[in-house]
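Data block below; observations after.
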2 protein chains.
Amino acid sequence: MNDETREAVMTATHRALCTHGFADLTTQRIADEWGKSKAALHYHYDTKEELLRTFLDHLLAKFESRLACESADPRVRLDTFVDAVFAPVEADDDSREFAVALLEIKAQAPYSETYRDRLAALDERMRETVAGAVRDGIEAGHFRHADPDDVARFVVTAINGAHVREVALDESPSEARRLIEGYLDDALGRDPATEVPA
Amino acid sequence: MNDETREAVMTATHRALCTHGFADLTTQRIADEWGKSKAALHYHYDTKEELLRTFLDHLLAKFESRLACESADPRVRLDTFVDAVFAPVEADDDSREFAVALLEIKAQAPYSETYRDRLAALDERMRETVAGAVRDGIEAGHFRHADPDDVARFVVTAINGAHVREVALDESPSEARRLIEGYLDDALGRDPATEVPA
């Protein structure tokens with residue numbers, strides 16, 4: 001499968017998830033969003049689970065590409081991370097609908113090693129990003145001393161919580177974003193005024 | 001229905017949720033756990049949704065009773081809250097299985113006003129408890145100044161995140177508990193050594 005086809009199938013999967021939710025997702029519905037037959041879809045992906053595994057890999061790759069921040073300044077890298085986490089997955093995204101589907105996938109993780117592995121990889125990548133920036137920021141004297149792994153785990157835990165709150169309580173993620181940024185300011189002694197691109 | 005019957009049905013619902021998960025929960029399975037017929041169960045509850053609404057009210061009441069802390073000391077009230085949140089729901093609880101079922105209910109909240117209302121009530125109660133203790137602790141000079149509502153929302157968001165991490169990543173909630181307690185120490189200037197029951 002060429003990159004263009006793969007990208008089109010991933011976009012169709014995203015749309016089908018947003019429209020029908022995870023519980024009612026079928027390969028027929030993904031094929032419909034793609035504008036091709038179910039047979040054509042099954043030529044590339046044997047099962048719905050294989051398709052969803054690829055989709056979770058695709059999400060992880062998208063997130064990676066957003067983190068590809070050239071800046072050496074750990075303060076900028078931390079801001080880029082927060083932007084990447086709270087940005088919609090697709091440009092035309094109804095991000096609430098996608099958040100709903102993603103929480104259904106997380107709730108199904110106990111029943112699927114495939115989902116669990118991908119979610120664990122995404123989680124590890126998020127924590128590494130924050131911990132790396134915190135560590136470098138402390139070394140460079142931008143941040144006050146803190147345990148980089150603890151700060152990272154707490155920030156990512158709060159991000160996980162923001163996701164549940166958006167879905168289960170219909171709370172805007174901007175509430176949690178403000179609190180997470182405030183926590184980073186307090187924990188690291190960040191002065192927002194000094195944060196300029198390197 | 002007398003209190004004893006209600007309690008027995010609630011315990012049966014909890015067990016059926018832990019054994020079968022939310023997606024495969026049926027009134028037949030709840031009746032089986034209760035040890036009575038499905039007809040007997042439907043005599044009290046018309047639908048599965050009505051039963052689950054009652055079950056969520058029951059959870060909220062259980063949580064309330066755990067918070068019934070006589071202490072006037074806001075430091076003790078905050079500790080009681082953290083204990084209540086991280087304790088198992090039932091004495092014989094397999095708390096991981098219950099966490100799985102509860103995340104499925106949260107993921108279904110966008111499709112059910114009943115679930116959403118109950119989850120919102122539980123969330124509000126949790127935030128009020130933390131905010132009240134923080135406010136009183138600041139007034140009494142135990143805690144340094146902080147915005148009580150912001151501290152409460154951030155703590156409850158991290159608790160929501162701990163719940164997702166337990167289910168989707170199989171992470172022990174004790175990790176998040178340690179970080180939440182550390183956050184409260186830092187944000188409020190709590191000195192653990194001074195925390196003795198009033």
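The values are calculated or read from the model by the stated rules, or taken from the named source; none is laboratory data. Predicted, not measured: the structure shown is a model, and the values here were computed from it. Counting neighbours? That spans all protein chains shown, and the Cβs are built from the backbone with ideal geometry, glycine included.
Miscellaneous remarks
- Output for the stretch B:7-33, where each listed residue is within 18 Å of residue A:111 (Cβ to Cβ) and away from chain A (no Cβ under 14 Å): B:16, B:26, B:29
- In the stretch A:165-174, the qualifying residues are those that are in a helix (DSSP H, G or I) and more than 7 Å from every other protein chain (Cβ to nearest Cβ), and the one that is surrounded by the fewest Cβ atoms within 10 Å (Cβ to Cβ) is A:174.
- Taken together, the residues in the stretch A:102-135 that are within 16 Å of residue A:85 (Cα to Cα) and within 12 Å of chain B (Cβ to nearest Cβ) amount to 10.
- Verdict on residue B:187 being at the interface with another protein chain (Cβ under 10 Å from one of its Cβ atoms), crowded, with 21+ Cβ neighbours inside 10 Å, within 22 Å of residue A:182 (Cα to Cα) and at pLDDT below 95: yes
- Number of positions in the stretch A:7-33 that are without any contact (Cβ under 8 Å) to a residue 12 or more places away in the chain and either outside any helix (DSSP H, G or I) or basic (Lys, Arg) (or both): 1
- Considering the conditions (1) surrounded by 18 or more Cβ atoms within 10 Å (Cβ to Cβ); (2) in contact (Cβ under 8 Å) with a residue 12 or more places away in the chain; (3) part of a helix (DSSP H, G or I), residue B:177 is excluded by exactly one of them, (1).
- Residues that are crowded, with 20+ Cβ neighbours inside 10 Å and among the small types (Gly, Ala, Ser) were ranked within the stretch A:127-145; the one that is nearest to residue B:161 (Cα to Cα) is A:133.
- Qualifying residue in the stretch B:34-56 (condition: within 30 Å of residue A:96 (Cβ to Cβ), touching a Phe, Trp or Tyr at 6+ places or on another chain (Cβ under 6 Å), within 12 Å of chain A (Cβ to nearest Cβ) and not in a loop (DSSP other than H, G, I, E, B)): no
- Residue match in the stretch A:72-83 (condition: at pLDDT below 90 and more than 14 Å from the chain's Cα centre (by Cα)): yes
- Taking the stretch A:136-164 as the range and being in a helix (DSSP H, G or I), in contact (Cβ under 8 Å) with a residue 60 or more places away in the chain and away from chain B (no Cβ under 13 Å) as the test, the residues that pass are A:136, A:137.
- Among the residues listed as A:22, A:63, the single one being of a type outside the set (Gly, Ala, Ser), at pLDDT below 90 and within 30 Å of residue A:135 (Cα to Cα): A:63
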